[in-house]
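The values are calculated or read from the model by the stated rules, or taken from the named source; none is laboratory data. The model shown is predicted, which means the values in this text are computed figures rather than measured ones. Counting neighbours? That spans all protein chains shown, and the Cβs are built from the backbone with ideal geometry, glycine included.
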Amino acid sequence: MVQTKEAAITQQQTTTDKTDLVSIPFSVSHSGVAATEMRPWGSFTTLEEGPGYKIKRIEVNPGHRLSLQMHHHRSEHWIVVSGTAKVVCGDQEHILAANQSTYVPQCTAHRLENPGVIKLILIEVQNGEYLGEDDIIRFQDDYSRHKA
């Protein structure tokens, strides 16, 4: 069996007198995981999604930051895997290192930035009634993307 983030492939094998291995056609089962999406600041990959939650791996390039934004329908938990995160949440600012985390409440202005020299990698857990990418109200954006 071969398994990647995108699919699992299984192949049965049998032995016979004439050959060591005879292959039987394989089957592919997709896990429903989205491909990595590129952004001007880095990328994100949806690792898992279910009713009321979504889990993403977010990578932010050194010196880049996401827009100052908020969400009407979800809260977020961020856990730093590697690198350094500068987090703005409401009127507070924090620096987080590997194995540290923070919570972003629903309807709270927030921003994630990588002030370091290596890629920032974090896990984001979203909870809420609607988790679409269009639930973003941008207040400020370094890449001139439109306000939702």
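Out of Thr102, Thr108, I need the residue that is farther than 13 Å from Glu124 by Cα and either among the acidic types (Asp, Glu) or modelled with pLDDT of 95 or more (or both). Which one?
Values: Thr102 fails: farther than 13 Å from Glu124 by Cα.
It is Thr108.
Is it the case that Glu76 is of a type in the set (D, E, K, R), in contact with a Ser or Thr (Cβ under 6 Å, 6 or more places away or on another chain) and buried (at least 16 other Cβ atoms within 10 Å of the Cβ)?
Numbers: of a type in the set (D, E, K, R): yes; in contact with a Ser or Thr (Cβ under 6 Å, 6 or more places away or on another chain): no; buried (at least 16 other Cβ atoms within 10 Å of the Cβ): yes.
So Glu76 does not fit the description; no.
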field: Cβ-Cβ under 7 Å pairs, at least 6 apart or on other chains, segment 100-111 side within 9 Å of Ile79 (Cα to Cα) and buried (at least 18 other Cβ atoms within 10 Å of the Cβ), far side at pLDDT 95 or above and not charged (D, E, K, R)
entry: Thr102/Trp78; Thr102/Val87; Thr102/Cys89; Thr102/His94; Thr102/Leu96
- prompt: In this structure, is Gly90 buried (at least 18 other Cβ atoms within 10 Å of the Cβ) and either over 21 Å from Glu48 (Cβ atoms) or not assigned by TED's automatic domain parsing to the domain that holds Pro51 (or both)?
  reply: no
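Can you tell me which residues in segment 116-148 are in a strand (DSSP E or B) and under 20 Å from the mean Cα position of the chain (by Cα)? Before you say what the answer is, go through the steps one by one.
Residues of segment 116-148 in a strand (DSSP E or B): 120-128, 137-140.
Within segment 116-148, Leu120, Ile121, Leu122, Ile123, Glu124, Val125, Gln126, Asn127, Gly128, Ile137, Arg138 meet the criteria.
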message: Being surrounded by fewer than 16 Cβ atoms within 10 Å (Cβ to Cβ) and of a type in the set (A, V, I, L, M, F, W, C) is the filter here; which residues of segment 115-148 pass it?
response: Val117, Ile118, Ile123, Ile137, Phe139, Ala148
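Yes/no per residue for (1) part of a strand (DSSP E or B); (2) at pLDDT 95 or above; (3) not aromatic (Phe, Trp, Tyr):
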| site | (1), (2), (3) |
| --- | --- |
| Lys18 | no, no, yes |
| Ser29 | yes, no, yes |
| Ala34 | no, no, yes |
| Thr45 | yes, yes, yes |
| Gly63 | no, yes, yes |
| Ile79 | yes, yes, yes |
| Val87 | yes, yes, yes |
